[in-house]
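Down below is the structure, laid out as structure tokens.
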Amino acid sequence: MVSGARTLTGSLLQRSFWGFGSVVAVAYALLPMIWILSLSFKDKRSLTDNRFIPSSISLENYRAIADDPQFSAAIINSLGIGLISTLLAVVLAMFAAYAIVRLDFPGKRLVLLGALSIAMFPPIAIIGPLFNLWRISGLFDTWLGLIIPYMTFTLPLAIWTLSAFFRELPWELDKAARVDGATPFQTFRYVIAPLAIPGVFTSAILVFIFSWNDFLFATALTSTDDARTVPAALAFFTGSSRFEQPTGSIAAASVVVSLPIALMVLLFQRRIIAGLTSGAVKG
Amino acid sequence: MAEIVLDKVSKRFADGTLALQETSLTIDDGEFFVLVGPSGCGKSTLLNLIVGLEEISAGQIRVDGQVIDHIDPKDRNMAMVFQSYAIYPHMTVRDNLAFPLKMAKLPKQEIAQRVHRAAQMLGLVEYLARKPASLSGGQRQRVAMGRAIVRDPKAFLMDEPLSNLDAKLRGQMRSEIARLQKRLGTTTVYVTHDQTEAMTLGDRVAVLRDGKIHQIGTPRELYSEPRNLFVAGFIGSPSMNFLPARYVGGRIILPIAEIRCQAEAHARLTANGIRQLIAGIRPEHIQDPGNTATDLNAGVSFHAAVDAVEWIGSDLYAYFTVRSDSEVWQAMPYDMGSVAMEGGTMRCVARLDPASDVAEGSLYTLWLNIRNIHLFDARTGENLIAPRMLAPQ
């Protein structure tokens with residue numbers, strides 16, 4: 001590693017190569033986002049002026065979406081559905097992962113493989129049946145109707161992440177707690193769960209991001225503000241008149257919904273990476 | 001305080017391996033009982049059976065007359081100290097010590113009192129607010145001990161509690177554990193692979209191998225009257241020297257000497273019709289004749305080419321090789337453990353007086369105290385002749 005670092009910072013040529021490469025990569029990834037940010041601050045007239053930096057900063061679009069009942073309903077839906085799915089997925093995954101790591105039961109590998117295959121299953125393939133099923137059962141356009149698929153599709157990831165965490169906790173801790181007079185549940189509650197908090201956190205963030213970002217289920221399984229989440233709501237935005245493209249409002253709304261995720265990832269990136277790679281190497 | 005009785009207990013794992021053969025033993029109230037053996041001998045399994053972390057396959061375990069086979073580990077009121085200490089890393093030392101008491105739903109005030117008392121006993125008072133990560137190995141070990149004593153359990157079960165400490169600290173904690181156990185008078189079952197720990201700590205020691213108890217006795221009994229080759233080779237450091245021997249016409253013929261049998265030994269050997277023997281000699285029973293206080297008539301002298309010498313201050317270890325073409329060696333190499341033998345040669349070691357002038361690379365006359373020779377059946381490994389049944393030629 002030491003020699004690698006030396007070569008990286010070594011010659012001027014190499015340094016400028018890596019520097020240039022990084023700038024290109026970052027620009028490629030961020031330009032669309034910055035463009036949206038720029039659009040969101042433009043007023044109606046300058047929206048199509050093709051300038052990258054807005055000539056004047058206007059909060060008109062933000063005011064517009066704040067006044068739009070559609071958008072605030074969508075934010076509440078997104079938050080509620082996201083948080084409930086996260087809570088359910090993480091709690092269920094914790095129990096499942098603990099059982100998978102600590103218990104020896106027939107079909108253990110099957111559960112893990114099953115979980116993996118669910119994670120790889122293309123969601124689009126079940127949208128049609130689910131749409132019909134939800135309409136018949138009354139789950140269509142309800143919170144629960146979205147919470148169930150979100151929870152199901154994120155459970156595998158949560159189980160895998162958490163079982164990697166549990167696997168690293170020494171088994172003797174469980175045994176010590178049992179001998180110290182704790183029931184199996186108390187052992188889990190007082191000893192194992194607190195120690196797995198970093199893992200729980202990681203999976204919670206990942207699950208939340210999944211449900212917050214989902215567009216497919218949100219458009220297919222909702223029809224009104226009752227359960228429509230932000231990504232879906234954005235697609236149904238209308239301008240102030242039917243002949244007007246609501247570009248500015250969409251841009252502002254995009255910025256608003258991207259912010260929490262961007263912040264979360266920036267704040268917890270260490271945790272997320274640690275959680276995803278834990279178990280890969282012995283600590 | 002409790003008397004623990006194992007009545008024909010055995011353990012077979014789900015995959016069919018027999019971890020513990022049928023075992024019956026009684027651990028007396030207040031006794032310090034040590035289980036010792038090489039790794040994989042079933043000693044930890046036996047401990048787990050007593051504490052209830054593993055279920056017994058057959059037999060019965062009784063504590064003070066009460067059968068505990070189907071009692072959950074949390075209700076057995078035994079405390080365990082693990083090799084890795086298994087202290088809870090997210091709790092402070094205080095919370096670690098209080099955990100078993102909280103589980104037992106003791107009133108807060110009493111918990112505080114007991115934690116304080118245990119912390120005082122172990123010198124942990126100033127560390128109560130710390131997390132385990134900021135403690136040294138020895139302090140963590142103490143926390144593990146504290147968590148065990150705080151609840152006044154029926155028995156302490158310790159699974160190699162000292163093996164993660166460095167040599168000096170290990171010696172220190174060893175005497176501390178011994179003192180603590182005497183003071184509290186709590187029945188203790190202690191598992192170790194280290195025969196020195198077993199000998200110094202145990203009131204009684206059980207030597208295990210392959211899920212079978214080979215001998216139970218006081219450290220002195222195990223040392224001076226090992227029941228078989230395995231116990232003889234396992235107990236004692238450096239370990240016992242083994243030499244092939246033949247029994248011919250009232251004489252024991254060793255590669256280095258010939259010994260006349262006393263009547264009693266003679267009777268035993270002829271009764272069994274045994275000819276092939278293995279002689280076991282403790283290193284301290286080979287001495288430098290020029291530098292020993294023992295009566296030289298009680299032994300025989302022999303020549304040895306000393307090829308290595310270790311002077312450790314209190315003793316001097318002289319290593320030499322004995323040649324023999326006896327085929328006995330093929331029989332029991334497993335039982336003799338660490339004894340190395342290649343191409344008909346055996347490594348032997350003598351514990352000499354440090355003032356002895358034995359040096360490497362020369363031929364010396366050494367003296368063998370034959371009163372202390374053990375004779376084992378070469379086929380079964382069983383100890384046939386206790387010392388003092390033999391006489392010089």
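The values are calculated or read from the model by the stated rules, or taken from the named source; none is laboratory data. Keep in mind it's a predicted model, so treat the numbers as computed, not measured. With ideal geometry, Cβ positions are generated from the backbone for all residues, glycine too; neighbour counts draw on all protein chains shown. These accessible areas exclude ligands, DNA and RNA; they are computed on the full protein's heavy atoms, side chains included. Shrake-Rupley method; radii C 1.70, N 1.55, O 1.52, S 1.80 Å.
Quickly run through the range A:229-260 and pick out the residues that are within 19 Å of A:Phe210 (Cβ to Cβ) and either modelled with pLDDT under 80 or in contact with a Phe, Trp or Tyr (Cβ under 6 Å, 6 or more places away or on another chain) (or both). Correct list: A:Pro231 only. No other residue among B:Ala144, B:Ala155, B:Ala133, B:Ala198 is among the aliphatic types (A, V, I, L, M), within 14 Å of chain A (Cβ to nearest Cβ) and more than 19 Å from B:Val51 (Cα to Cα) apart from B:Ala133.
Which ones in the range B:88-115 are within 8 Å of chain A (Cβ to nearest Cβ) and closer than 19 Å to B:Pro161 by Cβ? Once the filter is applied, which keeps residues that are within 8 Å of chain A (Cβ to nearest Cβ) and closer than 19 Å to B:Pro161 by Cβ, the range B:88-115 yields B:Tyr88, B:Pro89, B:Phe99, B:Pro100.
Could you identify the single residue in A:Ser38, A:Ser117 that is farther than 30 Å from A:Phe165 by Cβ and either surrounded by fewer than 18 Cβ atoms within 10 Å (Cβ to Cβ) or of a type in the set (Gly, Ala, Ser) (or both)? Step through it out loud before you land on a result.
Numbers: A:Ser117 fails: farther than 30 Å from A:Phe165 by Cβ.
Just a single option satisfies the conditions, and that option is A:Ser38.
Considering A:Ser78, A:Ser46, which residue is part of a helix (DSSP H, G or I) and in the same structural domain as A:Pro260 (by TED's automatic domain parsing)?
On the way: A:Ser46 fails: in the same structural domain as A:Pro260 (by TED's automatic domain parsing).
So the residue among A:Ser78, A:Ser46 that is part of a helix (DSSP H, G or I) and in the same structural domain as A:Pro260 (by TED's automatic domain parsing) is A:Ser78.
In the range B:68-87, of all residues being facing chain A (nearest Cβ under 8 Å) and open to solvent by 60 Å² or more (accessible area, probe 1.4 Å), the one that is farthest from B:Val9 (Cα to Cα) corresponds to B:Gln83. Checking each residue in the range B:173-196 for being open to solvent by 10 Å² or more (accessible area, probe 1.4 Å) and assigned to a helix (DSSP H, G or I) picks out B:Arg174, B:Ser175, B:Glu176, B:Ala178, B:Arg179, B:Leu180, B:Lys182, B:Arg183, B:Leu184, B:Gln195, B:Thr196. Picking from residues in the range B:203-212 that are within 27 Å of B:Ser175 (Cβ to Cβ) and not charged (D, E, K, R), the one that is farthest from the chain's Cα centre (by Cα) is B:Leu208. Being open to solvent by less than 60 Å² (accessible area, probe 1.4 Å) and basic (Lys, Arg): is that true of B:Arg130 here? The answer is no for B:Arg130.
Got at least one residue in the range B:138-150 being assigned to a helix (DSSP H, G or I), farther than 29 Å from B:Ser39 by Cβ, of a type outside the set (Asp, Glu) and in contact with a helix residue (DSSP H, G or I) (Cβ under 7 Å, 6 or more places away or on another chain)? Checking the range B:138-150: not a single residue is assigned to a helix (DSSP H, G or I), farther than 29 Å from B:Ser39 by Cβ, of a type outside the set (Asp, Glu) and in contact with a helix residue (DSSP H, G or I) (Cβ under 7 Å, 6 or more places away or on another chain). With respect to (1) farther than 23 Å from B:Lys182 by Cα; (2) away from chain A (no Cβ under 13 Å); (3) modelled with pLDDT of 95 or more, the lone exception for B:Leu35 is condition (1). Hey, can you tell me all the residues within the range A:134-191 that are under 26 Å from B:Ala148 (Cα atoms), aliphatic (A, V, I, L, M) and at pLDDT below 90? Once the filter is applied, which keeps residues that are under 26 Å from B:Ala148 (Cα atoms), aliphatic (A, V, I, L, M) and at pLDDT below 90, the range A:134-191 yields only A:Leu169. Among the residues of the range B:197-238, the ones that are open to solvent by 50 Å² or more (accessible area, probe 1.4 Å), touching a Gly at 6+ places or on another chain (Cβ under 7 Å) and within 23 Å of B:Arg347 (Cβ to Cβ) come to 1 in all.
Taking A:Thr202, is it over 16 Å from the mean Cα position of the chain (by Cα), touching a residue at least 12 places away in the same chain (Cβ under 8 Å) and assigned to a helix (DSSP H, G or I)? No. Restricting the range A:140-165 to residues that are aromatic (Phe, Trp, Tyr) and either farther than 21 Å from A:Ile192 by Cβ or buried (at least 21 other Cβ atoms within 10 Å of the Cβ) (or both) leaves a set whose member that is nearest to the other protein chains (Cβ to nearest Cβ) is A:Phe165. Screening A:Ala66 against (1) under 23 Å from the mean Cα position of the chain (by Cα); (2) of a type in the set (A, V, I, L, M, F, W, C); (3) surrounded by fewer than 18 Cβ atoms within 10 Å (Cβ to Cβ) leaves a single unmet condition, (1). The single condition from (1) within 14 Å of chain B (Cβ to nearest Cβ); (2) in a helix (DSSP H, G or I) that A:Phe105 fails is (2). Checked across the range B:92-101, the condition of being under 25 Å from A:Arg102 (Cα atoms), open to solvent by less than 50 Å² (accessible area, probe 1.4 Å) and outside any helix (DSSP H, G or I) holds for no residue. Checked against (1) within 14 Å of chain A (Cβ to nearest Cβ); (2) touching a residue at least 60 places away in the same chain (Cβ under 8 Å); (3) crowded, with 23+ Cβ neighbours inside 10 Å, B:Leu49 passes all but condition (2).
Residues in the range A:170-208 that are more than 28 Å from A:Ile84 (Cβ to Cβ) and more than 8 Å from every other protein chain (Cβ to nearest Cβ) were compared, and the one that is surrounded by the fewest Cβ atoms within 10 Å (Cβ to Cβ) is A:Trp171.
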